[in-house]
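The values are calculated or read from the model by the stated rules, or taken from the named source; none is laboratory data. Note that the structure is a prediction, hence the values are computed from the model and not measured. Note: ideal-geometry Cβ built from the backbone for every residue, glycine included; neighbour counts use all protein chains shown.
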Amino acid sequence: MRRMSDEPMSPALRPRRVSHQVQRAVTQQILDAGLRPGELLPTEAELMETLGVSRNSVREALKALQALDIVEIRHGYGTYVGQASLTPLADGLTFRTLLRPADDAHALAEILQVREILEEGLVRRVAAAPPDAGTLDQLDAIVRKMGEAGEAGEPFADLDREFHETLYGSLGNELIPQLLGAFWNVFDRVAGVRQWAGDPAPEVTVDRHRAIVTALRARDVAGAEQAMATHFRGIEKRAEQETRGVG
């Protein structure tokens, strides 16, 4: 591996520049070696020797990569390839949203709009090649459980999440549940801090999910997309109402 450049730079900028270079070098080494999550990386001493940098530079770079879930530092055991999850994305989006004023009506709506755009496109793909009968029955069963929970006055956020995860399972894309999960976690965390109560009419939420399944059974692509849009726009409207009432 090529050693780090020794080109002149401001003393104040050099540590940050070197750390970034080490981060890039380590990630490239992972890719070049074809290492998989959980596999062991070279030791700090080996990285120092290979890259021609100090121990402190290596440690700072590895800490930064750990924050991104690219590596996992197990003290006393070594450094391993991380899972490269979307947790850092969710953390960054959560922090970005919470920086906005508490009465900002667009803070939660922006997160929901991105999810809406994503899910409208996804449900269109699902409707174009509908899931098998077993999956549709599973979605119906989840909707029934949501209705039962709503009638009993119980929250059903977990069932709502299960519905969306099940909905896109037929696409066979492993990134979809991770990305949707990241947005879901951001919304939950922000809504919790901002004390957003959610939709006060559970039966409306249940009906909107039922409409999605109905459109899928009818192989109605436009209907499925419209049902998903209606679902999200209802949540966005409620979020704006809640945040305008803050303070």
- Task: Look at residue 142 and say whether it is out of contact with any helix residue (DSSP H, G or I) (no Cβ under 8 Å at 6 or more places or on another chain) and either in a helix (DSSP H, G or I) or not assigned by TED's automatic domain parsing to the domain that holds residue 98 (or both).
- Result: no
- Take the residues in segment 89-105 that are more than 15 Å from the chain's Cα centre (by Cα) and without any contact (Cβ under 8 Å) to a residue 40 or more places away in the chain, then tell me which one is nearest to residue 17 (Cα to Cα). 99
- Query: So, of the residues in segment 48-68 that are under 30 Å from residue 114 (Cβ atoms) and either out of contact with any Pro (no Cβ under 6 Å at 6 or more places or on another chain) or free of Cβ contacts under 8 Å to residues at least 12 places away in the same chain (or both), which turns out to be surrounded by the most Cβ atoms within 10 Å (Cβ to Cβ)?
  - Reply: 65
- Query: Within segment 18-33, can one find any residue that is surrounded by 15 or more Cβ atoms within 10 Å (Cβ to Cβ) and modelled with pLDDT under 90?
  - Reply: yes
- Query: From the set of residues in segment 44-57 that are in a helix (DSSP H, G or I) and hydroxyl-bearing (Ser, Thr, Tyr), which is farthest from residue 26 (Cα to Cα)?
  - Reply: 57
- Would you call residue 83 touching a strand residue (DSSP E or B) at 6+ places or on another chain (Cβ under 9 Å) and either more than 30 Å from residue 31 (Cα to Cα) or modelled with pLDDT under 95 (or both)? yes
- Note on the structure: Subset of segment 63-91, residues more than 23 Å from residue 187 (Cα to Cα), among the β-branched types (Val, Ile, Thr) and not in a strand (DSSP E or B), comes to 70
- Query: Looking at 110, 119, 60, which is the one that is among the acidic types (Asp, Glu), not assigned by TED's automatic domain parsing to the domain that holds residue 193 and not in a loop (DSSP other than H, G, I, E, B)?
  - Reply: 60
- Lone qualifier among 112, 86, 108, 122 - being closer than 22 Å to residue 68 by Cα, surrounded by 15 or more Cβ atoms within 10 Å (Cβ to Cβ) and in contact (Cβ under 8 Å) with a residue 40 or more places away in the chain: 86
